[in-house]
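This report concerns only the one structure given below.
The values are calculated or read from the model by the stated rules, or taken from the named source; none is laboratory data. Treat the numbers as computed from the prediction; the structure is a model and nothing was measured. So basically every Cβ, Gly included, is an ideal-geometry build from the backbone, and we count neighbours across all protein chains shown. Areas reflect the complete protein model, heavy atoms only, side chains present, ligands, DNA and RNA absent. Shrake-Rupley method; radii C 1.70, N 1.55, O 1.52, S 1.80 Å.
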Amino acid sequence: MSGNRPSAQELAAAEGARIPDVLSPGLRVVFCGINPGLWSGATGYHFARPGNRFWPALHAAGFTPRLLQPHEQDELLGLGLGITNFVARASARAADLSDDELRAGGAALAAKVRQYRPEWVAVVGITAYRVAFGERRATVGRQDRLIEGAQVWVLPNPSGLNAHWTAGTLATEFRQLRQAALPEPLTDRRDHETPC
């Protein structure tokens, strides 16, 4: 990729690209996106498109001590946070995904939760959640269901295209999750590890 901004050719070539999850065992919250966009596919980083409000909302809600950039995504692990997606393949729009792909993604998410055992799963996108889990009447917020023992919270899609949600209202929703999942002050878990 040339520089920090993918070229039009690099974006076109990113269709179908896959980027690795940011996961480790025993996280407090795993954020599950719908699928990577073309910017993420081209750069290899989650929520990478300029204008996506995921990283600012995460910081404004108190999940991160400073505003992280997409290329710093691995720093989330030290904070007890992770990222995955329902569907691994990058596409120009989430609307390019079929309902079958989203349902398969719900099963794949459940398998990841079974493997990594996070305390919470935060699905970033209400429509994708409704399709993936057959919860047609689900609303944003805490859900009654568990996924493999993990508590579930649904957040609005932070894409800049989702203009119904402002930066402030997104931050409020993310903050409500943070208060439920991380009521104690935010610290990097690595600061408290005892040397062997």
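Descriptive notes on the structure:
- Accessible area per residue for the chain is 50 Å², calculated with a 1.4 Å probe on protein heavy atoms, without ligands, DNA or RNA.
- Helical content of the chain, expressed as a calculated mean residue ellipticity at 222 nm, amounts to -9000 deg cm²/dmol (DSSP H runs of 4 or more residues, -39,500 (n - 2.57) each, divided by residue number, nearest 500).
- Whole-percent pair-distance distribution, where bins are 10 Å wide, for the alpha carbons of the chain: 9, 37, 39, 13, 2, 0
- Enclosed volume per residue, in Å³, of the convex hull spanned by Cα atoms of region 9-100: 100 Å³
- For the chain, the Cβ-based charge dipole about the Cα centre amounts to some 360 debye (Lys, Arg positive; Asp, Glu negative; other atoms uncharged).
- Accessible area of the chain belonging to carbon and sulfur atoms, whole % at 1.4 Å probe: 51 percent
- Three-way shape label, region 74-183, alpha-carbon gyration tensor, a/c 1.5: rounded
- Under the convention that each Lys and Arg Cβ holds +1 and each Asp and Glu Cβ holds -1, the size of the dipole of region 61-102 around its Cα centre is about 180 debye.
- For region 73-128, a simple Cβ point-charge model (Lys and Arg +1, Asp and Glu -1, everything else neutral) yields a dipole of about 160 debye relative to the Cα centre.
- Within the chain, the selection of entire DSSP H helices by a Cα span of 15 Å or greater along the long axis and an average Kyte-Doolittle value of at least -0.5 returns 99-116, 167-181.
- Each DSSP beta bridge with both residues in the chain is either parallel or antiparallel, and the antiparallel ones are about 30%.
- The trypsin sites (Lys or Arg not before Pro) of region 56-136 meeting both criteria, a DSSP state outside H, G, I, E and B (loop) and at most 16 other C-beta atoms within 10 angstrom of the site's C-beta, are R66, R93, R136.
- Cα-based equivalent ellipsoid, region 80-139: semi-axes from gyration tensor eigenvalues, Å: 19, 14, 11
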